[in-house]
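Notes for the one structure printed next.
The values are calculated or read from the model by the stated rules, or taken from the named source; none is laboratory data. Since the structure is predicted, the reported quantities are computational estimates derived from the model, not experimental observations. Because the Cβ atoms are built from the backbone with ideal geometry, glycine has one as well, and the counts that use them run over all protein chains shown.
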Amino acid sequence: MQTKLIIIRGNSGSGKTTLAQHIQAAVPGALLVSQDVVRRQMLMVRDRPHNLAIPLIEQIALYGNGRVPLVIVEGILVRTRYAAMLTRLQAQFTHTVVYYFDLPFATTLARHQTRPQAATFGANEMRDWWVADDELGWANEYIFDEQQTLATELSTVLTNLNE
């Protein structure tokens, strides 16, 4: 089985997890590897350089290679901490596409207000985590901005999967 890899990145509140969950629902057998689940729930570690979540995300994604049709890795995945791991993953999959959410801070803050996490953290924390212009710069990287809706994002991803 040839497994495709989708990487979804962007700032907190941009819509990464929602898009990833919709892709997983649309592709039977897809494996979703969420940075927040691995880092915050499984390991309870802070997102610092060389944290334990980085190699675990990689190992879970590699486990899916050849076993499932699609592996989705999603999270903030800041370039300075995660680019080396993402590059290694890309080398292991025959087909990789990256989607980066490039949204203004105000948009992510507004989207955050509609999420269950809104009661857990707010604007100050999101501002601390904010990283502008964090694209990987890969040839197969698509940029989503505030003009796209979830429906258009999902359509773009599913179209790219069928190419």
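List of remarks:
- Members of segment 3-15 that are on the phi < 0 side of the Ramachandran plot and at pLDDT 95 or above: T3, K4, L5, I6, I7, I8, R9
- Among residues of segment 24-60, those that are in contact with a strand residue (DSSP E or B) (Cβ under 6 Å, 6 or more places away or on another chain) and β-branched (V, I, T), counted: 4
- Test: Q21 is in contact with a strand residue (DSSP E or B) (Cβ under 9 Å, 6 or more places away or on another chain), touching a residue at least 24 places away in the same chain (Cβ under 8 Å) and surrounded by fewer than 17 Cβ atoms within 10 Å (Cβ to Cβ): no
- Criterion violated by Y100 - all others in (1) at pLDDT below 95; (2) closer than 16 Å to I8 by Cα satisfied: (1)
- Note on segment 122-163: residues that are in a loop (DSSP other than H, G, I, E, B), in contact (Cβ under 8 Å) with a residue 12 or more places away in the chain and surrounded by 10 or more Cβ atoms within 10 Å (Cβ to Cβ) total 9.
- Qualifying residue in segment 146-159 (condition: touching a helix residue (DSSP H, G or I) at 6+ places or on another chain (Cβ under 9 Å) and of a type in the set (D, E)): yes
- Within segment 123-163, the residues that satisfy the criterion of being charged (D, E, K, R) and either modelled with pLDDT of 90 or more or closer than 11 Å to V97 by Cβ (or both) are D133, D134, E135, E141, D145, E146, E153, E163.
- Considering residues of segment 28-67 that are of a type in the set (V, I, T) and buried (at least 18 other Cβ atoms within 10 Å of the Cβ) only, the residue nearest to T17 (Cα to Cα): V33
- Of all residues in segment 122-137, those satisfying the criterion of being over 16 Å from Y82 (Cβ atoms) and of a type in the set (D, E) are E125, D128.
- Residues that are of a type in the set (K, R) and more than 24 Å from I6 (Cβ to Cβ) within segment 100-130 comprise just one, R127.
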